[in-house]
Amino acid sequence: MSKVLANRYELFERVGEGGMSVVYKAKDKLLNRFVAIKILKPEFINDQKFIESFRRESQNAASMTHANIVNIYDVGREGNIHYIVMELIEGRALSELIKEQGPMAYPKVIALSKQIAAALSFAHKNHIIHRDVKPHNVMITPNGTAKITDFGIAKAVNAATIVDNTDGIVGSVHYFSPEQARGGYVDEKSDIYSLGIVMYEMLTGQVPFDGDNPVNIALQHINSEMTPPSQLVAGVPPALEHIIMKCCDKYPVNRYASADELIQALNNLEFVGSVVGDSVLMGGAAAKDHTRVRMDRPPKGPIAETDYDDGEVRRDYDGYNEDNRKGKARNKKKKKLIIIIAAVAAAVILGLVCALIFGGGEEIETPDFTGMTLQEAETAAAEYDIKVKLGDEVINEEVDKGLIVSQDPEPGQTIKTGSTVTVNVSKGLGDGSVPDLTGKMKDELSDYLDAAGFKLGAVTTEESDKPEGTVISQNPKAGTEVEKGTAIDVVVSDGSKGKTAMPYLIGQTLSEAKTSLSSVGLTLGSVSEDYSDTYASGEVMWQQYDSGTSLAKGTSVKIRISKGKMTTTTQPPTQDPEAN
C-alpha cells in the first residue's frame, strides 16, 4: 500500500531528489488533484534552526501566486516527516535542457530569461529574495513556460555550496554573487547577478567560473573578470552580451536596478530582433565575419595584443591601446561614424515598424483552431488567407491526442492576412511508469490506477495459494514506460490452492480421522468423548465442519469420539464445553 500523509496526500512515485529533500508525485485526495510533495531528508530533522527556517520561508513563498513560480499549497509535519505540498510540474529542469541543448539559441535565452526575471520581479515586490537562482531551480514545461521553485529553501549542504557562521547556506557557488561570497548584505540585485550567470550558461553551455573547490570558485566571483560570451560561442548579439555583463557586474550599483529594468532591456532587444532580424543585432556584415571558436574553459592570462597594418596596437576586446594617441583620434572619428550609422539604423527600424503597422494586408480576427487537427486547421486557415505552423507537442489530460490545445496569436486577436499562426498540439496524457500492482487486492485497483494516470483492463483469475482477489501478475509489467491512459491487465488469485474441502470423518477411528485430515492439509484439533447408541466405542460421532465445507489449509478441526452405549451404572458425562 502507498504512504498517505496527513490522511490526505497519497504518495505514488519518487520524481526527484535534491541535497535537502526528496520529491514525490502524490494525489491530494481532498481536492482530487495531483501534487508534488517535497519531504525533508532525515539528516535535517534534528536541526531545529533549519526546520524553523524551512517552514517559515516555505510559508512566505506560499503567499506568492505567479505564472512563473511553482505554487506552494501546504506546509506540514507528520511525526518526523516535514513536507511541502507544491504544484506538480510536467517538465524538465533548465539544467537538463542546458546539458542537452547548450549552447542555446539566443532568442530562446531571451524568452526564458524574461520569464525568470518576471518571477523574480514578483517575488521582490513581495519582499522575498530567492538567494539561490540556478538552472536546477527552474522547471521548463512542455509548452516552454519557465517556473522557479525553492524560494529561500534550496539550501542543501553539498560540494557546490558555501556556509556562513550565522545563517547556514547562502547559495550555490557557481551562481551566487560576490556579496554572497563575502557573506555580505544580499538583496534583489544578488538575484539579478545569479540570473545573469544562468543566462551566460544558457548562451555558452558553461558557467563563467569553475574550479577544484567552492572557495576557489567564490574567489573568482569576487576577483576574476568574466570572459565575454562572444569569445566562447559564435553569433552572440553584442546587445545581449552587454545585458549579461551588466547583470554580472562585480558591484551591485552597476547592475540593473530591478528585475523590471532587466525585462525592459530584454524586451527592447527582442523587439529590434523581431523587426530587423539577426543581421542588425549582429552588426550587419560584421556578423558574417564573426568566427569565434567555443572553448571548454575561459582563456587564462592576459589577452594578447596584435599589431595591425596601420601601425596600431589593439587588444582583442578592450579596443585601441590607450597609449596610442593617433589611435585615440581615429577612435573618436569612428565613434562619430557609429552614431551616424545608429541614427540611420533607427530610421530604418522606424520605417519597418510603420510598414508593419500600416502596411499591406487586410486586418482580420484570428480564427479559433483549438480542437482541430493540424490538417483541419491548415484547411481552415487557407480560407482566411493565413498560414498555420506546428509549435510544440504538449501533454494535456483534457484534449485528445493530435488535437490543437492552444495557439499564438490567440483567437479573436487582430492580425493581417498572410500572417502565420503557431499552434500547439496535444500528445495526450504523455508517458508514465506503470505502477506495481502485485499483492494489491482487486477491489482497490481502479482507484489506484486512476490516480496514477492509467485504467484497469481485463481481470482474469488463476489458481493460486494467495488470498482470493490478490493480484499475482500484470501486463504491462511494473516500471514499463507507456502512454498514460493505457489499460493495465491483471491476473488475480482465486485462492483455490490455499483451500481444501472438509472430509467425512463420521464412523472413522481416531487414527483414521487424523490421517484423513492430514491428507487434505487440515489438522486435528481438540478431541472430546460422549456416549452414543449409534456409533461403536472409538468411532467418530461428530465433526466440527460438515463434509465438503471449503476451509483454508492448516485449519484445525475438532471431533467427538463415541464411548459406546451408556449403561445403567454409568453416570451421565459432564457436557464438554468445546462440543458447541
Pick out the one residue from ASN71, ASN32, ASN46 that is within 24 Å of LEU445 (Cα to Cα) and either surrounded by fewer than 16 Cβ atoms within 10 Å (Cβ to Cβ) or of a type outside the set (Asp, Glu) (or both).
ASN32
Between a first residue in segment 250-264 that is closer than 11 Å to GLY196 by Cβ and a second residue that is acidic (Asp, Glu) and surrounded by 14 or more Cβ atoms within 10 Å (Cβ to Cβ), which pairs have beta carbons less than 9 Å apart while being 6 or more apart in sequence or on different chains?
ARG255/ASP249
Among (1) open to solvent by 50 Å² or more (accessible area, probe 1.4 Å); (2) part of a helix (DSSP H, G or I); (3) modelled with pLDDT under 85, HIS127 falls short only on (2)
Would you pick out the residues in segment 419-453 that are within 28 Å of the chain's Cα centre (by Cα), over 30 Å from GLY469 (Cβ atoms) and of a type in the set (Gly, Ala, Ser)?
SER426, GLY428, GLY430
Of the residues in segment 471-491, those that are in contact with a Leu (Cβ under 9 Å, 6 or more places away or on another chain), part of a strand (DSSP E or B) and hydrophobic (A, V, I, L, M, F, W, C) come to VAL471, ALA487, ILE488, VAL490
Quick one: LEU551 ticks every box in (1) closer than 26 Å to LYS466 by Cα; (2) open to solvent by 50 Å² or more (accessible area, probe 1.4 Å) except a single one, so which number is it?
(2)
Reported set for segment 130-142 where residues are out of contact with any helix residue (DSSP H, G or I) (no Cβ under 6 Å at 6 or more places or on another chain) and on the phi < 0 side of the Ramachandran plot is ASP132, LYS134, ASN137, MET139, THR141, PRO142
Which of the residues that make up segment 444-498 are among the basic types (Lys, Arg) and modelled with pLDDT under 85?
LYS466, LYS484, LYS497
Per the filter on segment 84-122, residues under 26 Å from TYR9 (Cβ atoms) and either of a type in the set (A, V, I, L, M) or in contact with a Phe, Trp or Tyr (Cβ under 8 Å, 6 or more places away or on another chain) (or both) are ILE84, VAL85, MET86, GLU87, LEU88, ILE89, ALA93, ALA119
Quick one: what pairs do we get from segment 363-381, first residue closer than 13 Å to GLY402 by Cα, second open to solvent by less than 20 Å² (accessible area, probe 1.4 Å) and part of a loop (DSSP other than H, G, I, E, B), C-beta under 9 Å, 6+ apart or different chains?
GLU376/PHE369; ALA377/PRO367; ALA377/PHE369
Just to be sure, is ASN7 at pLDDT 85 or above and under 18 Å from the mean Cα position of the chain (by Cα)?
no
Quick count over segment 495-525, residues being outside any loop (DSSP other than H, G, I, E, B), touching an Asp or Glu at 6+ places or on another chain (Cβ under 8 Å) and over 22 Å from MET566 (Cβ atoms), is 3
Filter pass, LYS416 being under 27 Å from the mean Cα position of the chain (by Cα) and within 30 Å of ALA380 (Cα to Cα)
no
For segment 490-507, name all the residues that are open to solvent by less than 40 Å² (accessible area, probe 1.4 Å) and among the polar types (S, T, N, Q).
SER493, THR500
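The values are calculated or read from the model by the stated rules, or taken from the named source; none is laboratory data. All values derive from a computational prediction rather than experimental measurement. With ideal geometry, Cβ positions are generated from the backbone for all residues, glycine too; neighbour counts draw on all protein chains shown. Keep in mind that these areas ignore ligands, DNA and RNA; they rest on the heavy atoms of the full protein, side chains included. Shrake-Rupley method; radii C 1.70, N 1.55, O 1.52, S 1.80 Å.
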